[in-house]
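Q: The structure under discussion is supplied below as structure tokens; questions concerning it will follow.
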There are 2 protein chains.
Amino acid sequence: MSKEAVSGLALCNNAMLRRATRKIGQHYDDVLAPSGLKATQQGLLYQIHVGNEPAMGAIATSLIMDLSALGHTLKPLIRDGYVETFADAADRRVKRVRLTPRGLAKLDEVMKLWQVAQQRFEDVVGKEKAARLRAVLDEIAAVDFNETPAG
Amino acid sequence: MSKEAVSGLALCNNAMLRRATRKIGQHYDDVLAPSGLKATQQGLLYQIHVGNEPAMGAIATSLIMDLSALGHTLKPLIRDGYVETFADAADRRVKRVRLTPRGLAKLDEVMKLWQVAQQRFEDVVGKEKAARLRAVLDEIAAVDFNETPAG
DNA sequence: TCCTGGAAGTGGCATATGCCACTAAATCAA
DNA sequence: TTGATTTAGTGGCATATGCCACTTCCAGGA
């Protein structure tokens with residue numbers, strides 16, 4: 001692989017983001033492995049926990065995730081008894097999600113491992129730099145790419 | 001979804017990275033859609049193009065991607081005739097990859113769209129900020145999370 | 001009240017990624 | 001040369017994500 005190959009790759013925001021996501025995902029997944037959960041699942045359980053019995057649409061919006069994708073991702077967690085859903089009382093179209101007692105226990109377990117992964121990440125990358133990175137990522141996540149750029 | 005929910009999410013480097021990746025991926029995918037290729041495929045074609053008939057392992061290493069994942073991702077591209085593989089002359093274990101003429105033409109086509117997506121991204125986010133982001137992501141991609149942090 | 005349009009999810013299909021077990025091929029050691 | 005070890009890929013299985021078509025419901029307007 002030539003030098004040009006790497007530099008060319010390095011110009012694409014999307015490619016670099018994906019590449020870094022794979023890398024970091026591996027790190028978090030490695031550390032969380034003993035729990036039997038992936039980092040994506042830990043994140044989702046956490047999101048459900050802190051949300052107040054959130055509706056699926058609300059979760060999807062928060063995570064900037066396709067609603068159907070969320071449904072798919074939720075299935076293994078429901079199958080394994082960590083999560084359960086129930087219809088909203090006021091609007092029967094809305095399906096709300098919550099952790100089961102078992103899911104809550106699992107979340108406690110996996111969050112301990114998450115702290116290890118998170119700590120190691122910040123030790124290696126630097127707490128400041130990590131915070132700045134998250135801030136930029138959050139900012140980007142809020143952007144509307146369809147809007148005409150200031151003008 | 002409460003405010004706490006969002007702030008909690010915002011602390012996890014991995015979650016924020018994934019979330020931003022989904023968002024940006026949607027942007028690039030949207031713009032590339034007329035070509036019939038996803039942004040991941042465009043990136044892979046490009047990587048194959050600039051590499052000198054790269055071996056699968058070399059591509060996987062560059063992209064920090066699992067070798068088998070690369071193999072899977074390559075399949076649709078091979079099926080559609082954009083890419084072909086051939087055994088390395090010196091080491092028969094090694095499988096090299098190159099674009100077909102059709103693949104090269106498709107790459108030309110999709111790169112035009114990529115430039116549009118890339119440009120719009122940089123217009124909205126800012127050229128400087130985008131460059132800094134890519135630099136940080138590249139740095140992180142190079143980290144060894146197993147190594148003890150300087151000490 | 002009835003009809004129409006929009007909102008919330010589901011299911012199917014396809015790609016993106018990873019892990020693990022396994023095969024083939026090259027290497028190294030005895 | 002032969003047997004153990006390492007390297008490069010493949011295939012199967014499972015999760016991660018998205019798009020699209022379709023169903024169910026709620027909200028408004030005639």
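Q: Report relative contact order for region B:67-107 in percent, whole number only (criteria: Cα-Cα under 8 Å, sequence separation at least 6). Mind dumping the intermediate values first?
A: Numbers: 36 pairs, mean separation 13.6, N = 41.
Answer for region B:67-107 is 33 percent.
Q: Largest first and in whole Å, what are the equivalent-ellipsoid semi-axes of the protein assembly as shown based on the Cα gyration tensor, each being the root of 5 times an eigenvalue? Intermediate results must be reported in sequence, preceding the final value.
A: On the way: eigenvalues 232, 103, 86 Å².
Semi-axes, largest first: 34, 23, 21 Å.
Q: Moving to a separate point now. Find the chain B residue whose Cβ sits closest to the rotation axis that carries B onto A, and give that distance in whole Å.
A: Nearest Cβ to that rotation axis, in whole Å: B:21, 2.
Q: How big is the charge dipole of chain A about its Cα centre, in debye rounded to the nearest 20, if each Lys and Arg gets +1 on its Cβ and each Asp and Glu gets -1 on its Cβ? Write down the numbers at each step before the final one.
A: Numbers: 21 positive and 18 negative charges, 76 e Å.
About 360 debye.
Q: Then there's this: Okay, helix-only estimate at 222 nm for chain A: each DSSP H run of n ≥ 4 adds -39500 (n - 2.57), divide by all residues, round to 500 deg cm²/dmol; what do you get? Provide the component values of the computation, followed by the final result.
A: Numbers: 7 runs with 99 residues, N = 151.
Helix contribution divided over all residues of chain A: -21000 deg cm²/dmol.
Q: Considering Cα pairs under 8 angstrom that are at least six residues apart, work out the relative contact order of region B:1-119 and quote it in whole percent.
A: Relative contact order comes out at 28 percent.
Q: In nm to one decimal, list the spacings between the residue A:91 label point and its equivalents in the other copies, with label points set 7 Å along Cα to Cβ, shortest first.
A: Taking the point 7 Å beyond Cα along Cα→Cβ, the inter-copy spacings are 5.8 nm.
Quick note: the coordinates plus some simple rules give every number you see, no bench work behind them. This is a predicted model, so every value here is computed, not measured. In this analysis, Cβ positions are derived from the backbone assuming ideal geometry, glycine residues included, and neighbour counts consider all displayed protein chains.
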